[in-house]
Amino acid sequence: MLDKLGTKGIAGVVSLLLGIGIVASQAPVVAAGLAFVVAGLGLVAGGLAEGVMKMFGMA
């Protein structure tokens, strides 16, 4: 998985986790909500990408 992300992707994941960690140190409930939002956006993006790939016959 890490080879597919590339340098920018890994930096993005690290900054995302760092940001949620900073929020969690001050407000754990808000950080949990942010984590769910980010996970939901990831699932939506994955579903859209899969749908587009199926449309073009690549999946």
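Values quoted throughout were computed directly from the atomic coordinates according to the rules given, and no laboratory measurement underlies them. All figures in this text were calculated on a predicted structure; none of them were measured in a lab. A quick note on method: Cβ atoms are made from the backbone with ideal geometry, for glycine too, and the neighbour counts reach across all protein chains shown.
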- request: For the chain, enumerate the residues that are of a type in the set (Phe, Trp, Tyr) and over 13 Å from the mean Cα position of the chain (by Cα).
  value: Phe56
message: So for region 50-59 (the condition being part of a helix (DSSP H, G or I), exposed (fewer than 10 other Cβ atoms within 10 Å of the Cβ) and without any contact (Cβ under 8 Å) to a residue 40 or more places away in the chain), does at least one residue qualify?
response: yes
message: Cβ-Cβ under 7 Å, sequence separation 6+ or interchain: first residue in region 6-23 and assigned to a helix (DSSP H, G or I), partner loosely packed, with under 11 Cβ neighbours inside 10 Å and not basic (Lys, Arg). Which pairs?
response: Ile10/Leu2
task: Report whether or not Val44 is surrounded by 12 or more Cβ atoms within 10 Å (Cβ to Cβ), among the hydrophobic types (A, V, I, L, M, F, W, C) and either assigned to a helix (DSSP H, G or I) or touching a residue at least 40 places away in the same chain (Cβ under 8 Å) (or both).
output: no
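Restricting to region 24-35, name every residue that is more than 20 Å from Gly46 (Cβ to Cβ) and assigned to a helix (DSSP H, G or I). Spell out how you get there, then give the answer.
Filtering region 24-35 down to residues more than 20 Å from Gly46 (Cβ to Cβ) leaves 24-33.
The answer is Ala24, Ser25, Gln26, Pro28, Val29, Val30, Ala31, Ala32, Gly33.
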